[in-house]
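Participant: Would you mind keeping the following structure in view while I ask a few things?
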Amino acid sequence: MRKALLIAACSAALAISGCKYVGDDPNGSGSSLENTEFPEQVFWGDTHLHTDNSVDAFGFGNRLNAEQALRFARGEEVTATKGAKAKLSRPLDFLVIADHSDAMGATKAIKDAPRIALLGNEFLLRWHDMLNESDEGALQVTAELIDGAAKGTLPEELTDPADQAERTKDLWEAHGETVDEYNDPGKFTAFMGYEFTPMPGGDNLHRVVMFRDGAEKTTQVLPYSSQGFAGNPEKLWEHMAAYEKDTGGQMLAMPHNSNVSNGRMFEMQKYDGSPIDKAYAETRAKYEPVVEVTQIKGDSEAHPFLSPNDEFAGFGDAGWDHCNLSCTGDTKPEDYAGSYAREALKRGLELMQTVGANPFKFGMIGSTDSHTSLATADEDNFFGKHSQNELNREDRAMQPQNLGTREGRFGWHYLSSGYAAAWATSNSREAIFDAFQRREVYATTGPRMTVRFFGGFEFAEGDTADLVKAGYAKGVPMGGDLSGGNGEAPKFLISAMMDPESAGLDRVQVVKGWVDASGKSQEKVYNVSWSNADDRNIGADGKLTPVPNTVDLAKGTWDKDSGAPELVTFWQDPEFDAAQHAFYYVRVLEIPTPTWPVYDAIKFGITLADDVIRIQQERAYSSPIWYTPKA
Amino acid sequence: MPKILKEPLIHFLGGALLVFGFFWATGTNRDPADYTISVDQSNIDRLRAGWIQNFRRPPTQQELDALIDQEITEEIYYREALRLGLDRNDAVIRRRMFTKMRFLNNQDAAANEPTDAELQQWMDQNQGKYSLSASYDLEQVYLGQGGAASETEIVKLLQDLNSGAVEASDISKPISLPKNLIGADTANIARQFGEQFSIDLDQLETGQWVGPVSSGFGQHLIKITSKTPGKPAALDDVRQAVTNDWRAAQTAQQEETALEQYRSQYDVRVAGRE
């Protein structure tokens, strides 16, 4: 009788929790949220955060769950896994928790599983023991996991779709409930999402997937695993289309770390090697409107090999540009073109001409890819890539990061980067998702600069006085399209304001890409506005006088009055050809500031090796505006 | 009726006697109910729903039959295993039971929507946590980066602004910051001007031009026309945060209470521990 009662109570309890959404307002409080007429405010977020549900994050020791991740992002203090108190200097406005869909929750399950349950399986038993034994053991398991995923040698228990579905379902539903509870329209937006993590041969083809919807819809599907199809992204897009059709919801996917894809992220062919056609190009552009171009594992905007005339192209490339994610494949020079976003944007224009659609028509954001549940991107408050190199690990900058076979990568190669900025009409799932969808978003490497970028044919120089109003009235914002114009060169209104908690601005640049008469893509970087304009000129080589370096490495400070608080300008393309496809995006550079290892060195009194990069210029990348010739 | 017949113990013993009598009479210790497996419509619906969730389509009749047969097979093995006592000394089952029991204890807190009164009480007990920051109506003049205006120039500017000799809009250097803020709270100001700036406002006199006040951008002159001091928040202002915190606290407390209740019934002895 007692047993029966217990079972009845259990089922009832489960039923209640399962039915929680029925009749609920899926948007939460039902408060009257007002959308502004046009995006007046920029909202800051991280779209790529891992918690203890990620198979590797848990293996690295992360014991902070989604709820703690959400609390931290909205500005509360939490205690990090390794004991340090963690708090953001300013809250974020939105967060996408993006745990790996492959083997979601699996390391946690292996560690927590009783030993006896694994007795028949030597492989998992060994991992179980290592996970419980020590941090080093757990790290080794994680390394083997990443390696196994790259080589396709993971045990069936971790890759079998049915097993995985079973394990994931409860976890995903509970996660949906937590995320819904923390979604607070108008104040803080919590998104459902996950990371689709294929890496054939160690080449990174990862995508972060983000939903517009609450748990009511998102729990009708399970996080899509890459294992069944060896990671063909076309399968992911099919899955996304099915979700949208079945539920009326919306999803988008954001490729990231193309820098460690050995040219495969933006290759000029489909996954199976067949040529790109119009349908493929349109589908890809539809489901992948945004690319994450900067994060902890390096920066994917540009590379000096591809952009030899751009003296700032090498930012965040050190350590990441000689081999793929698992470092099982060396990066050859011919691989670079498919690995960096600027080149992809150029390839997109070429494909537009040859197949009639642009598969690489994407906006750009930054995010952290932090595996600590802590979305940090400030140099002086950087909690590291994973829980073994959190803020209180003194020698983390000098530690080799030889996970799997990542030879030659050290702690200091990690960037304290980045965040996503969205020009949205309110702080809500719908408004922010829609901003991503129309690419009215931009990337920063951490500092929260405010960047506006409008293109049009009607602008006049005086429009900079009321730039936002003129921008929306007479042109299109970042992410938009221009065509027509009677052969006249497009004009742009650009403003960039410094982050009041960070450094002044060095310069604003426009990066232009176009396809020349021979069908080959070209690029050029224009300096369009800079600080101390009286003392700094563009030389015969086209280069602007560098901004003075004011960093004091012993103190971790710089001259607060150096650089410009704001740069505002009107710019018209001086080398325009109305017959050529083109794109334009803005790059904003801060004055030089110290990198995070410098703060570690000051705090812990350690000595950094000579090759550690100590000074950098943090930056923002806007989404492009595209020009299409009249048909 | 003799008083003894009203004793619950007697009822219980009587009942037990009947049960024993039944098994003695039927010659078996088999409870027929233990050997009945009924798969009712709600079970079938659950199996069907699970299938749809996984495969995005309803099962065919054949697939459904296979699911039901699998369910029956599992149930038979499950019961036979219980009879053999296979559930004992099994750490998986032990852990699973632990999880279920803990889940049951937490469920009250998690499933119930808190009433406003409960939330209000929670807020009253945690007052510091839910205060609304001060808010300001203010005007600001941007002077440029530090050193752009000398001390004497600043003194003169303040005099002129306060006497009405110059207009704020005429002397402010251009920057995309609002010249007037209406009802802006500290968080909003910190977001636009930096945290230190928002903190420094608290010390300023109201009603006249004062400064300079530093922000990340440089120096500003400020006139606070109206200041609403910080106060405890009303429930509607912070409902979501309060609900999250209340729920987390309820769950933790419920768990503690439940464990305490169970634990008090146990005589726990540990070697080497007094």
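Derivation of every value follows stated rules applied to the coordinates shown; laboratory data play no part. Predicted model, so just to flag it, every value in this text is computed and none were measured. Cβ: placed from backbone, ideal geometry, glycine included. Neighbour counts: every protein chain shown.
Participant: Which three extents, in whole angstrom, do the alpha-carbon atoms of the range B:134-229 cover along their principal axes, largest first?
Facilitator: Taking max minus min along each principal axis of the Cα atoms, the range B:134-229 gives 31, 25, 22 Å.
Participant: If you don't mind, another one. May I ask for the percentage of alpha-carbon pairs in the range B:228-274 that lie more than 13 Å from each other? Display every interim value, and only then the final one.
Facilitator: Details: 776 of 1081 pairs.
Across the range B:228-274, Cα pairs with separations above 13 Å total 72 percent.
Participant: Under 37 °C and 0.692 mPa s, how fast does chain B diffuse according to Stokes-Einstein, given a Kirkwood radius computed over C-alpha pairs? Answer in µm²/s, whole number. Provide the component values of the computation, followed by the final result.
Facilitator: Details: Rh = 27.7 Å.
Result for D is 118 µm²/s.
Participant: Calculated from DSSP H runs of 4 or more alone, at -39500 (n - 2.57) each and per residue, what is the 222 nm mean residue ellipticity of chain B, nearest 500?
Facilitator: -17000 deg cm²/dmol
Participant: Output ³J(HN,Hα) for the range A:341-355: one whole-Hz value per residue in order, computed from phi by the Karplus curve 6.51 cos²θ - 1.76 cosθ + 1.60 with θ = phi - 60°, and x for Gly and Pro.
Facilitator: 5, 4, 5, 5, 4, 5, 4, x, 5, 4, 5, 4, 6, 8, 10
Participant: Once you sort the root eigenvalues of the Cα gyration tensor of the range A:42-437 as a ≥ b ≥ c, which label holds: rounded (a/c under 1.5), prolate (a/b larger than b/c) or oblate (the other case)?
Facilitator: Values: a/c = 1.25, a/b = 1.18, b/c = 1.06.
Rounded.
Participant: Mean residue ellipticity at 222 nm from the helices of chain A, using -39,500 (n - 2.57) per DSSP H segment of n ≥ 4 over the full residue count, to the nearest 500 deg cm²/dmol? Before the final figure, lay out each step's value.
Facilitator: Values: 15 runs with 162 residues, N = 631.
So the calculated ellipticity at 222 nm is -7500 deg cm²/dmol.
Participant: From the residues A:A242, A:Y585, A:A138, which one has its Cα farthest along the dipole of chain A in the positive direction, the dipole being from +1 and -1 charges on Cβ of Lys/Arg and Asp/Glu about the Cα centre?
Facilitator: Final value for the positive-end residue is A:A242.
Participant: While we're looking at this one, here's another question. Given +1 on the Cβ of Lys and Arg, -1 on the Cβ of Asp and Glu, and no further charges, what dipole in debye does chain A carry about its Cα centre, rounded to the nearest 20? Present the calculation step by step, with values, prior to reporting the outcome.
Facilitator: On the way: 60 positive and 95 negative charges, 93 e Å.
Once rounded to the nearest 20, the dipole reads 440 debye.
Participant: Run through the range B:152-194 and list the trypsin sites (Lys or Arg not before Pro) located in a DSSP loop whose Cβ has at most 13 other Cβ atoms within 10 Å. Each step should come with its number before you reach the end.
Facilitator: Details: sites: B:K156, B:K179, B:R191; in loops: B:K179.
Those that pass, being in a loop and sparsely packed, are B:K179.
Participant: Taking beta carbons within 10 Å but only from partner chains, what does the mean come to for residues A:33-43?
Facilitator: Across A:33-43, the average partner-chain Cβ count within 10 Å equals 0.
Participant: Add +1 for every Lys or Arg and -1 for every Asp or Glu among the other residues with Cβ under 12 Å from the Cβ of B:E75, and state the total. Walk me through the intermediate numbers first.
Facilitator: Numbers: positive: B:R79; negative: B:D34, B:D69, B:E71, B:E74, B:E80.
The answer is -4.
Participant: Let me test this: with uniform point scatterers at the alpha carbons of the range A:448-628, what is the Debye-based log₁₀ I(q)/I(0) at q = 0.12, 0.13, 0.14, 0.19 1/Å?
Facilitator: -0.64, -0.73, -0.81, -1.22
Participant: Can you work out ³J(HN,Hα) from phi for every residue in the range B:227-234, in order, using Karplus 6.51 cos²θ - 1.76 cosθ + 1.60 and θ = phi - 60°, giving whole Hz and x for Gly and Pro?
Facilitator: 10, 9, x, x, 8, x, 6, 7
Participant: How far is it, in nm, from the label point at A:N132 to the one at B:K227 when both lie 7 Å from their Cα along the line to the Cβ?
Facilitator: Computed distance between label sites A:N132 and B:K227 equals 6.0 nm.
Participant: Within chain B, which complete DSSP H helices have Cα atoms spanning at least 20 Å along the helix axis and a mean Kyte-Doolittle hydropathy of 0.0 or higher?
Facilitator: Working: long enough: B:8-26 (27 Å, 1.64); B:41-55 (21 Å, -0.75); B:61-83 (33 Å, -0.82); B:91-111 (28 Å, -0.36); B:239-264 (36 Å, -1.41).
Taking the DSSP H segments of chain B (at least 20 Å long, mean hydropathy at least 0.0), we get B:8-26.
Participant: Put +1 on the Cβ of every Lys and Arg and -1 on every Asp and Glu Cβ in the protein assembly as shown; which of A:H322, A:Y224, A:F570 then has its Cα farthest towards the positive end of the dipole?
Facilitator: A:Y224
Participant: Still on this structure: Under 28 Å Cα to Cα from A:K630, which lysines show up? Leave out anything in the same chain fewer than 8 places away.
Facilitator: Hits, sequence-local ones excluded: A:K278, A:K286, A:K346, A:K361, A:K469, A:K474, A:K491, A:K512, A:K520, A:K524.
Participant: What number do you get for the range A:347-437 when its Cα radius of gyration is normalised by 2.2 N^0.38 Å, N = residues?
Facilitator: Details: Rg = 18.4 Å, N = 91, 2.2 N^0.38 = 12.2 Å.
In units of the 2.2 N^0.38 Å rule of thumb, it is 1.51.
Participant: Quick check for me: using +1 on Lys/Arg Cβ and -1 on Asp/Glu Cβ, what's the dipole size of the range A:177-231 about its Cα centre, in debye to the nearest 20?
Facilitator: Details: 4 positive and 8 negative charges, 42 e Å.
The dipole magnitude comes to about 200 debye.
Participant: Let me know the shape class of the protein assembly as shown, please: from the alpha-carbon gyration tensor, a ≥ b ≥ c as square roots of the eigenvalues, rounded when a/c is under 1.5, otherwise prolate if a/b is greater than b/c, or oblate. Could you put the intermediate results ahead of the total?
Facilitator: Details: a/c = 2.05, a/b = 1.56, b/c = 1.31.
Prolate shape, in that a/c is at least 1.5 and a/b is the bigger ratio.
Participant: Related question: Which residue, A:F362, A:T372, A:L351, has the largest displacement toward the positive end of the dipole of the range A:340-400 when charges sit on each Cβ (Lys, Arg +1; Asp, Glu -1)?
Facilitator: Highest projection toward the positive end goes to A:L351.
Participant: Shape call for the range A:467-551 from the C-alpha gyration tensor, a ≥ b ≥ c root eigenvalues: rounded (a/c under 1.5), prolate (a/b greater than b/c) or oblate? If you can, show how the numbers build up before the last one.
Facilitator: Working: a/c = 2.38, a/b = 1.34, b/c = 1.77.
Verdict is oblate for the range A:467-551.
Participant: What is the sum of charges around B:G146, taking Lys and Arg as +1, Asp and Glu as -1, for the other residues whose C-beta is under 14 Å from the C-beta of B:G146? Let's see the in-between values first.
Facilitator: Values: positive: A:K560, B:K173; negative: A:D559, A:D561, B:E151, B:E153.
Once positives and negatives cancel, what remains is -2.
Participant: Here's another thing I want to ask about it. Would you list B:L9, B:L17 from fewest to most Cβ contacts within 10 Å?
Facilitator: So the residues, fewest neighbours to most, are B:L9, B:L17.
Participant: When a footprinting reagent is the concern and you count Cβ atoms within 10 Å, what order do B:I76, A:I494, B:I224, A:I146 take, fewest first?
Facilitator: Starting with the residue having the fewest Cβ neighbours, the order is B:I76, B:I224, A:I146, A:I494.
Participant: Report the normalised scattering of the range A:365-515 as log10 I(q)/I(0) at q = 0.20 Å⁻¹, calculated by the Debye formula with identical scatterers on the alpha carbons.
Facilitator: Reported log10 I(q)/I(0), two decimals: -1.26.
Participant: Would you mind computing Rg(Cα) / (2.2 N^0.38 Å) for the range A:229-338, counting N as its residues? Don't jump to the answer; show the numbers that get you there.
Facilitator: On the way: Rg = 15.6 Å, N = 110, 2.2 N^0.38 = 13.1 Å.
Compactness ratio reported: 1.19.
Participant: Near the amide H of B:K179, under 5 Å away, which other amide H atoms are found, from residues 5 or more places off or on another chain, if H is placed in the peptide plane?
Facilitator: Distant-sequence amide H within range of B:K179: zero hits.
Participant: I would also like to ask the following. Which whole-number percent is the relative contact order of the range A:448-628 (Cα, under 8 Å, 6+ apart)?
Facilitator: Numbers: 391 pairs, mean separation 51.3, N = 181.
With pairs under 8 Å counted, the relative contact order is 28 percent.
Participant: Rank these for me by crowding, A:S89, B:S172, going from fewest to most other beta carbons within 10 Å.
Facilitator: Details: A:S89 15, B:S172 18.
Ordered by Cβ neighbours within 10 Å, fewest first: A:S89, B:S172.
Participant: Treating only the Cβ atoms of Lys and Arg (+1) and Asp and Glu (-1) as charged, compute the dipole magnitude of the range A:122-280 about its Cα centre; round to the nearest 20 debye.
Facilitator: Details: 13 positive and 29 negative charges, 171 e Å.
Taking the Cα centre of the range A:122-280 as origin, the dipole is about 820 debye.
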